[in-house]
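See structure below.
The values are calculated or read from the model by the stated rules, or taken from the named source; none is laboratory data. Remember, it's a predicted structure, so these values are computed and weren't measured experimentally. Every residue, glycine among them, receives a Cβ derived from its backbone with ideal geometry; neighbour counts consider all protein chains shown.
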Protein chains: 4
Amino acid sequence: MSPRTRDQIDEIRKQSRASIQSAALKLFAKQGFHNTSISEIAREASVSKGLIYNYFDSKEALLKSIIESAMNVGNQLIGRHLDSSQDPMQSLAEMLDEAFDMVEANPKYWKLIMSLSFHQDVMARFKDEIDQQQIKNIGLITGLLERANVEEPEKEAMLIAAMSDGILLHFIHIGPQYPLSEMRAYIKERMGMNRI
Amino acid sequence: MSPRTRDQIDEIRKQSRASIQSAALKLFAKQGFHNTSISEIAREASVSKGLIYNYFDSKEALLKSIIESAMNVGNQLIGRHLDSSQDPMQSLAEMLDEAFDMVEANPKYWKLIMSLSFHQDVMARFKDEIDQQQIKNIGLITGLLERANVEEPEKEAMLIAAMSDGILLHFIHIGPQYPLSEMRAYIKERMGMNRI
Amino acid sequence: MSPRTRDQIDEIRKQSRASIQSAALKLFAKQGFHNTSISEIAREASVSKGLIYNYFDSKEALLKSIIESAMNVGNQLIGRHLDSSQDPMQSLAEMLDEAFDMVEANPKYWKLIMSLSFHQDVMARFKDEIDQQQIKNIGLITGLLERANVEEPEKEAMLIAAMSDGILLHFIHIGPQYPLSEMRAYIKERMGMNRI
Amino acid sequence: MSPRTRDQIDEIRKQSRASIQSAALKLFAKQGFHNTSISEIAREASVSKGLIYNYFDSKEALLKSIIESAMNVGNQLIGRHLDSSQDPMQSLAEMLDEAFDMVEANPKYWKLIMSLSFHQDVMARFKDEIDQQQIKNIGLITGLLERANVEEPEKEAMLIAAMSDGILLHFIHIGPQYPLSEMRAYIKERMGMNRI
DNA sequence: GATGAATGAGTGTTCATTCAT
DNA sequence: AATGAATGAACACTCATTCAT
């Protein structure tokens, strides 16, 4: 008889929003952004087309909300290793481990994110933020390498970043038969991260 | 008024085909596949929409013909270094140089190709061929490294491949301010390609 | 917690209904019927969308209820001058004054009403009533003019009606810089309403 | 075998464009702009939805092209009487005749145009032009009245304009049973246009 | 070989309306 | 009485593709 309470409504909204995002992510990852229609997303989320627009201003806004989540995940990963007071090469190894784990756990998701990074129009808004992020990352790694007395720490940092992204790129394309674990171990050895 | 000869017709066909491909490539590279319409391609190629369908069965077929060209370029690059009888690390360095030069000369094109590599549907047909290619590449590099008595030649080969792709990935995203030449030099040094 | 009395409920209903009508009128007048959504009306009236349907069967029914009010206003204006026993030209002048005042006081509202008079579908139901009204008006004016011994009283009546509507039409379109007062004075003079 | 010539194409385009405009006009006039869908227009014009967009950028652009035609008609009507060297009241009478004839010949069309003049959004672009037009009209009539030594020529001009528009407004609403011819004659007599 | 008018299925988006609470 | 999440039909518009010339 009486209308729902604020809390009930908030809960409903949160769940609907999440289920739409999750359906969209799944489809975007499987078949790309442009080849996924709002109708499909609605069907996948067992929701009407119209409802999607209760929660997202547009198809693109929906995509952006997904990207934002991804970026938060990345930011937090980096953050977790910033204040470390342990051996720098150890920190580096841990960062690498975490990143590799993340991608291995959900390769389709990261394939989507990588794929989106080629969509000029979609990424324009995030470009700056991503660039900042990249610079921060390289800076952090450089710092670690300096503390570890590595020569040419900045180039080395960029190389490690490129190498990681290259490996993940290959893994994403080739799939489970790619020897991800071996490469992870090899990279650590080769770049001097497991001297101990 | 006299009918064109077979040869003239063939020549005309070849040129029309090429100018359509070139216009399409330019636009795909600039604004992506989905954001480029057949009308735009026709306009860019100074040709009617209908004519495009004389040469290509569909928009997607046109795209595939472009990808095929790209793959030929890649194949030939590899081929040029297969029979080399010179110092293996030198061969490797040359391959790297050539690949980097190629991407540096036309980054938008390779950005497009990389971006397309994420389109499952478009790439499905090429998947096998690309995989073969990759295996051949890795095999070749492994061979070179074996001849150069490098330890773990296969892992090293995969690492070099990943590293190269990673650097090119970063270059493609960041643009001209990425220190491509320095990284190229550094990678050679770091991976032992310029011992001489 | 005690249930509301019948009277309280009636009072609440009346007020809710009125505030919805008033919000709708304001928005319809500002931006037109088709460009005003139920959501906007609900927001403007600080009421939920659902509640509007407690009081009105549809958006169109809401509009019609507003038109009905407008027509009542018009009817009453006419009514106030029907039984007048004073000088007929004076009555005419007063009617004119009142009508002009009304429009001047709320031009957007009357613009809406005029605009709606072009919506065949909306007005169909009111057509007869309006026609009756018009005939009554013309009849009344004709009667006044007869009593004032004007020649061709019916044509003159129709001319006065047309002239008034024409002036109001121009005023509504042009806005405040239209010399409404002067025209009002001039029309009275020109049509012989201020002989005294 | 060979493609159509420029002339053939121009002819085709002209006809298609015209038939779309004519269908749109008919439907807009019958049921209003907002209540007419592109699909309906296409059906009425026996043409595909898509074709409409070959000729008009949007539904609104289609509407505007129709309004523009109407304004041209109006402008030309005025123009035909600007340089007249005959008796000014005679000119005025002719202008009136022509305008009345025009509306009588096609009342639905002019009903649409009048109705559109209430669509703030649609008319915004034409506001200035229309205002200029109105001022020019009033100016012209004022000039004629001055030459005819009428007192208060400007107010008289505005009154004549208002009166005409008012009569046409009534005619448009009431339809054929409105005594348009009588009113036209009466207005001329009443405003002193047939002294001769 | 070449043209471009024409098609129509498909898209993202809006919004009046319903109904469980 | 009141709420607002949810619906889905309808809309304007796009674009790959066809085909008469």
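Key figures for this structure:
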item: Residue count for segment C:102-136, restricted to those that are assigned to a helix (DSSP H, G or I) and within 16 Å of residue D:120 (Cα to Cα); result: 10
item: Residue match in segment B:57-75 (condition: under 11 Å from the mean Cα position of the chain (by Cα) and within 16 Å of residue B:164 (Cα to Cα)); result: yes
item: So residue D:128, is it within 15 Å of the chain's Cα centre (by Cα) and either on the phi < 0 side of the Ramachandran plot or touching a residue at least 40 places away in the same chain (Cβ under 8 Å) (or both); result: no
item: Residues located in segment B:121-178, provided they are out of contact with any helix residue (DSSP H, G or I) (no Cβ under 8 Å at 6 or more places or on another chain) and acidic (Asp, Glu); result: B:128, B:151
item: Where residue D:130 falls short, out of the listed (1) closer than 13 Å to residue D:172 by Cβ; (2) surrounded by 15 or more Cβ atoms within 10 Å (Cβ to Cβ); result: (1)
item: Subset of segment D:109-141 (residues that are more than 10 Å from every other protein chain (Cβ to nearest Cβ) and of a type in the set (Asp, Glu)); result: D:128, D:129
item: Residue B:35 surrounded by 14 or more Cβ atoms within 10 Å (Cβ to Cβ), within 13 Å of DNA strand E (Cβ to nearest atom) and within 14 Å of another protein chain (Cβ to nearest Cβ); result: yes
item: Answer from C:169, C:159 - the residue that is surrounded by 20 or more Cβ atoms within 10 Å (Cβ to Cβ), closer than 24 Å to residue C:136 by Cα, at pLDDT 95 or above and facing chain D (nearest Cβ under 9 Å); result: C:159
item: Residue match in segment D:142-156 (condition: modelled with pLDDT of 85 or more, part of a helix (DSSP H, G or I) and at the interface with chain C (Cβ under 9 Å from one of its Cβ atoms)); result: yes
item: Filter result for residue B:168 (in contact (Cβ under 8 Å) with a residue 60 or more places away in the chain, assigned by TED's automatic domain parsing to the domain that holds residue B:133 and in a helix (DSSP H, G or I)); result: yes
item: Residue, surrounded by the fewest Cβ atoms within 10 Å (Cβ to Cβ), within segment A:179-190, restricted to residues that are in contact with a helix residue (DSSP H, G or I) (Cβ under 6 Å, 6 or more places away or on another chain) and more than 9 Å from chain B (Cβ to nearest Cβ); result: A:188
item: Enumeration of residues in segment B:1-32 that are within 10 Å of DNA strand E (Cβ to nearest atom) and under 20 Å from residue B:115 (Cβ atoms); result: none
item: Filter result for residue A:120 (more than 14 Å from the chain's Cα centre (by Cα) and loosely packed, with under 13 Cβ neighbours inside 10 Å); result: no
item: Tabulated pairs, segment B:47-73, first more than 15 Å from residue B:37 (Cα to Cα), second basic (Lys, Arg) and more than 8 Å from DNA strand F (Cβ to nearest atom), C-beta under 6 angstrom, 6+ apart or interchain; result: B:55/B:17
item: Enumerated helices (runs of 4 or more DSSP H) restricted to segment D:1-76, each holding at least 1 residues that are near DNA strand F (Cβ under 10 Å from one of its atoms), modelled with pLDDT under 95 and more than 26 Å from residue D:127 (Cα to Cα); result: D:6-31
